[in-house]
């Protein structure tokens, strides 16, 4: 049987040089100890700030007009979530996230159904105890015809352009708005008390860790974007890499965030899917590199190994 030919990119050559003793347990223990000490010291000196989470309570307390305006958009069905489409609803006939002709979000369909008027406004208000006037107005609103609801919402929406928050009350000079003013004002008060956060977290399971509803509500307003802008966390500021403020973030995310800064991803409504597709291709290419002729030869032909093992090759030259 003939000897199999040596393949430089696949086969490892037999080492015929010398050997030196090496205590990997000792060296590893020292390395771990040094890294642990440095990590603790650097964490104390340069630790990033632990900013409190943005909640419906903090949002409505800091920017009550923005909260009330967003609540109105949830009620009249004009918010980002209300018009997004799958997976939340079927209001958008064209997929918001698609890759070429592939409408990815519709492959799964509406699997997190959200009627923003009911989920974000009506149902939480119905959960408030001891509110006879509110209960009466909610019944009026729910039993009203579609045309009556539309008229009330349109009248209130027009007047809401001059919305103010005075004496802890949402003030809108709207006429013929039916029960809408009381609903928006009471929801704002509910949010400022913290009760709305709890109402949107209540679920069927024992653990209430699903923040989907509250996060969608917050993201529909402008307050979250303003906070992100101030803390340098928006996409144009490479926000996925940053900690809050001027603190450095996860540098290993640069490859992912880089694609959001170049065309067409920086202006595409499908940017998330396009970046995901690029990263999947790069990951597959990296995984299959040992099997791709040409690519697998780069380390050997570039002789980068001589830099990594430069001490060995220096000694070899001396010999």
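Points to keep in mind about this one:
- Qualifying positions in the stretch 268-317 - in contact (Cβ under 8 Å) with a residue 40 or more places away in the chain, within 26 Å of the chain's Cα centre (by Cα) and either under 29 Å from residue 18 (Cβ atoms) or assigned to a helix (DSSP H, G or I) (or both): 272, 273, 274, 277
- Residues (assigned to a helix (DSSP H, G or I) and under 22 Å from residue 112 (Cβ atoms)) located in the stretch 60-79: 70, 71, 73, 74, 75, 76
- Selected residue (only one of 288, 276, 224 is modelled with pLDDT of 80 or more and touching a helix residue (DSSP H, G or I) at 6+ places or on another chain (Cβ under 6 Å)): 224
- Residue count for the stretch 195-221, restricted to those that are assigned to a loop (DSSP other than H, G, I, E, B), touching a helix residue (DSSP H, G or I) at 6+ places or on another chain (Cβ under 9 Å) and modelled with pLDDT under 95: 4
- Which numbered condition residue 114 fails, given (1) more than 28 Å from residue 152 (Cα to Cα); (2) under 22 Å from the mean Cα position of the chain (by Cα): (1)
- Residue satisfying condition, being loosely packed, with under 10 Cβ neighbours inside 10 Å, modelled with pLDDT of 75 or more and in a helix (DSSP H, G or I), within set 30, 25, 41, 37: 25
- Subset of the stretch 227-248 (residues that are free of Cβ contacts under 8 Å to residues at least 24 places away in the same chain, in a loop (DSSP other than H, G, I, E, B) and either touching a helix residue (DSSP H, G or I) at 6+ places or on another chain (Cβ under 7 Å) or at positive phi (or both)): 232, 233, 234, 238
The values are calculated or read from the model by the stated rules, or taken from the named source; none is laboratory data. Everything quoted here is computed from the prediction, not taken from an experiment. Cβ atoms come from the backbone with ideal geometry, glycine included; neighbour counts cover every protein chain shown.
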